[in-house]
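Student: Sharing a structure with you now.
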Amino acid sequence: MRRLHSLSLRDLHTLLVLDTAHSLGRAAIALNVSAATLSRRLTRVEDTLGITLFERSVTGIRPTHPGLQVLRHTRRIIGEARYLLNIIAGETDLPDGEIRIGVAHPPLHPVLEIWFRIWNEYYSRTPIRLYVPEGESIVASLGKGHVDAAIIPDCALTDRVASLVLYHDKLLATLPKGHPLSNFSTLPITNILQEKILIPIDPYEEYR
């Protein structure tokens, strides 16, 4: 079992600063420590977890794949810790928590962005947060309870998922110059049934 008890909120906050700064030097300035001290702190955290969180290079740092997963959970832990401090200080009531919405390829449709922004303004104690599942499909994330709901296209739906239509959007097709269908401004679905179509929805590969 990892020595997780040796990690502090300061360590987790350090990871978020590193992720934002993309540089040990800039992160060290933001944290008011030397770059050498920060490097040792990061190494200690990585040794504790047994994984490499950031790749170092002459151009800066960037999170590894395991690092992205750790950062996702770190943001939630820091957020909950801040809520707890506010409760202790008597600055707010007990929070209702958050609604986790899984998305595959941000940004969202503009209409949804407006809806979520309005929701968060009116229901700040139960905000909507967006998550991009790492290493699994959104449908799998729903089944495991990693997200509360998800925004997915019809082609990713299965009989295990209850769905509700949020909006209808047009598909934009890019055709080679001179293609027989390139002269049409709109295409009925029957016209493209025999065409090869590339759909950028990698998280749903297993459901195609």
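The values are calculated or read from the model by the stated rules, or taken from the named source; none is laboratory data. These figures come from a predicted structure and were not determined experimentally. Every residue, glycine as well, gets a Cβ built from its backbone with ideal geometry; the counts of neighbours run over all protein chains shown. Just the protein is used for accessible areas: all its heavy atoms, side chains included, with ligands, DNA and RNA removed. Shrake-Rupley method; radii C 1.70, N 1.55, O 1.52, S 1.80 Å.
Student: Just for the stretch 126-136: of the residues that are assigned to a loop (DSSP other than H, G, I, E, B) and modelled with pLDDT of 80 or more, which one is most open to solvent (accessible area, probe 1.4 Å)?
Tutor: Out of the qualifying residues, it is Val132.
Student: Just wondering, is there one or more residues in the stretch 27-37 that are open to solvent by 80 Å² or more (accessible area, probe 1.4 Å), closer than 29 Å to Arg129 by Cα and in contact (Cβ under 8 Å) with a residue 12 or more places away in the chain?
Tutor: For the stretch 27-37, residues open to solvent by 80 Å² or more (accessible area, probe 1.4 Å), closer than 29 Å to Arg129 by Cα and in contact (Cβ under 8 Å) with a residue 12 or more places away in the chain: absent.
Student: Restricted to the stretch 56-71, and to residues that are open to solvent by 60 Å² or more (accessible area, probe 1.4 Å) and out of contact with any Gly (no Cβ under 8 Å at 6 or more places or on another chain), which residue is nearest to Ser6 (Cα to Cα)?
Tutor: Leu68
Student: Does Leu84 qualify as being open to solvent by less than 60 Å² (accessible area, probe 1.4 Å) and either modelled with pLDDT under 90 or farther than 14 Å from Pro133 by Cα (or both)?
Tutor: Taking the combined requirement at face value, the residue does not satisfy it.
Student: Of these, Leu9, Leu16, Leu49, which one is within 24 Å of Arg82 (Cα to Cα), touching a residue at least 40 places away in the same chain (Cβ under 8 Å) and open to solvent by 40 Å² or more (accessible area, probe 1.4 Å)?
Tutor: Step by step, each of Leu9, Leu16, Leu49 is checked, and only Leu9 is within 24 Å of Arg82 (Cα to Cα), touching a residue at least 40 places away in the same chain (Cβ under 8 Å) and open to solvent by 40 Å² or more (accessible area, probe 1.4 Å).
Student: Here's something else I'd like to know. Within the stretch 87-125, which residues are open to solvent by less than 50 Å² (accessible area, probe 1.4 Å), at pLDDT 70 or above, within 23 Å of Leu16 (Cα to Cα) and assigned to a loop (DSSP other than H, G, I, E, B)?
Tutor: Of everything in the stretch 87-125, those that are open to solvent by less than 50 Å² (accessible area, probe 1.4 Å), at pLDDT 70 or above, within 23 Å of Leu16 (Cα to Cα) and assigned to a loop (DSSP other than H, G, I, E, B) turn out to be Gly97, Ala104.
Student: If I ask for residues that are among the charged types (D, E, K, R), outside any helix (DSSP H, G or I), modelled with pLDDT of 65 or more and open to solvent by 100 Å² or more (accessible area, probe 1.4 Å), which ones from the stretch 152-208 would you list?
Tutor: Matches in the stretch 152-208: Asp159, Arg160, Lys177, Lys196.
Student: I need every pair where a residue in the stretch 184-200 that is more than 22 Å from Ala104 (Cα to Cα) has its Cβ under 9 Å from the Cβ of a residue that is exposed (fewer than 11 other Cβ atoms within 10 Å of the Cβ) and modelled with pLDDT under 75, sequence separation at least 6 or different chains.
Tutor: Matching pairs, first to second residue: Thr186/Lys170.
Student: Filter the stretch 51-81 for residues that are part of a loop (DSSP other than H, G, I, E, B) and modelled with pLDDT under 90 and give the result.
Tutor: Result: Val58, Thr59.
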